[in-house]
1. So, in region 106-125, exactly how many residues are more than 6 Å from ligand 1 (Cβ to nearest atom) and in a helix (DSSP H, G or I)?
2. Farther than 15 Å from residue 220 by Cα, more than 16 Å from ligand 2 (Cβ to nearest atom) and assigned to a loop (DSSP other than H, G, I, E, B): is that true of residue 31 in this structure?
3. Search region 180-206 for residues that are modelled with pLDDT of 95 or more and pair each with any residue that is basic (Lys, Arg) when their beta-carbon atoms are under 7 Å apart and the residues are at least 6 apart or on different chains.
4. Report, by residue number, each residue of region 67-86 that is hydrophobic (A, V, I, L, M, F, W, C) and either within 16 Å of ligand 2 (Cβ to nearest atom) or within 18 Å of residue 219 (Cα to Cα) (or both).
5. From the list 91, 64, which residue is buried (at least 22 other Cβ atoms within 10 Å of the Cβ), assigned to a loop (DSSP other than H, G, I, E, B), away from ligand 2 (no atom under 16 Å from the Cβ) and modelled with pLDDT of 95 or more?
6. May I ask you to list pairs of residues, at least six apart or on different chains, whose Cβ atoms are under 8 Å apart, with the first in region 107-124 being under 16 Å from residue 77 (Cβ atoms) and β-branched (Val, Ile, Thr) and the second being near ligand 1 (Cβ under 10 Å from one of its atoms) and part of a helix (DSSP H, G or I)?
7. Among the residues of region 51-74, how many are basic (Lys, Arg) and in contact with a Leu (Cβ under 6 Å, 6 or more places away or on another chain)?
8. Could you list all residues from region 154-212 that are away from ligand 2 (no atom under 14 Å from the Cβ), of a type in the set (D, E, K, R) and outside any loop (DSSP other than H, G, I, E, B)?
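The values are calculated or read from the model by the stated rules, or taken from the named source; none is laboratory data. No experiment lies behind these values; they were computed from the predicted model shown. Counting neighbours? That spans all protein chains shown, and the Cβs are built from the backbone with ideal geometry, glycine included.
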Amino acid sequence: MKSTVSLLLATAGLAYAQLDIPALLAQAVPALPTDPRFRDYRPPGKNDVRSPCPGLNSLANHGFLNRNGKNITVPQLIVGGAQGINIGPDFMAVVGAAGLLSSPNPAGGSFDLNNLDRHNFPIEHDVSISRQDHYFGNWYDFNQRVWTGTLSYFKGLTRTTTPTASKARYARVQYCETNNPECTYGPRQFLFSSGETGLYVQILSSPLVNSAPISYVRSLFEKQKLPFDLGWRPSAVPITFATLGEYVVELFAVNPDRAAEGIDVVQDSYAATFVDLVGGASALRNLTNGISDYLDIPGL
Ligand code: HEM
Ligand SMILES: [Mg+2]
């Protein structure tokens, strides 16, 4: 893994050498509610590609990322993510760098959304709340049966709560460990899947609220659509590694079975596992063409 990254170093950085990083970061703010992209939802056409990630798929379905799902760059992730859902450049740069590693040519500086399908490399994992485990078949498309099971944990509620979101996630871990002979689950998968729960909760409410309306959650997962027409607006507070890391700790704290996770979690654990995955600070600098130096990344 580290050697793959070091092989990149010689060539990475050429892809967008002319980048004006301060100008790029200045564009990374939520779009006005009048931005036509919020209402312009178009599901993918037959030549378009999508990923196991409902967040990126939704951004592409609204044109905040390339609608065909191809040639996605870190600058595009930073700007599109902030404009569409107020996700912070710190998160998009680091997770985008991890995404680049899944492409056949990371040094080219872009990936296609379906490159992210690769099982266990670097992000896709078992225990997804809306996709099957790899062992059971198609592990990248939305799966109604899995999703119905997840939704059952929110029965009778109009909004998620931290204990119900935590239970819905952990139920998939228990299912995997009991029924999947190839179940891959450890500290990294704990952090990624908890972070993904944090993502849908915070993007659809706010890091100050941490409780998302179930109708918004269903729109994001079932239609891969931003629930603008249901009244959602981007959080006024950006969703960052700091806010997600804090929520990951909260999800862990309310899990009565937390000892079984075999991990000690602190706020920086979530960011640290991604930074480690991309190969540390200098690999991150190369993969992001220097953008990471301008960002406040926890633990760096
Ligand atoms: C560069 C940025 C991102 C990359 C490369 C990425 C990639 C991925 C990948 C590969 C998965 C599959 C993990 C699995 O097997 O469950 C995933 C899941 C997920 N992503 Fe993203 N993602 C990114 C940003 C986001 C954003 C901005 C959101 C905001 C809502 C988001 C929400 C989610 C959620 C909720 C899941 C879990 C899906 C499930 O468990 O079924 N992601 N992401
Ligand atoms: Mg998965």
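1. 7
2. It is true that residue 31 is farther than 15 Å from residue 220 by Cα, more than 16 Å from ligand 2 (Cβ to nearest atom) and assigned to a loop (DSSP other than H, G, I, E, B).
3. 193/169; 194/169; 197/169
4. If the condition is that a residue be hydrophobic (A, V, I, L, M, F, W, C) and either within 16 Å of ligand 2 (Cβ to nearest atom) or within 18 Å of residue 219 (Cα to Cα) (or both), then 85 is the only one that fits.
5. After applying the criteria, what remains is 64.
6. 123/95; 123/98; 123/99; 123/116; 123/192
7. Residues that pass the stated criteria total 0.
8. Correct list: 159, 167, 177.
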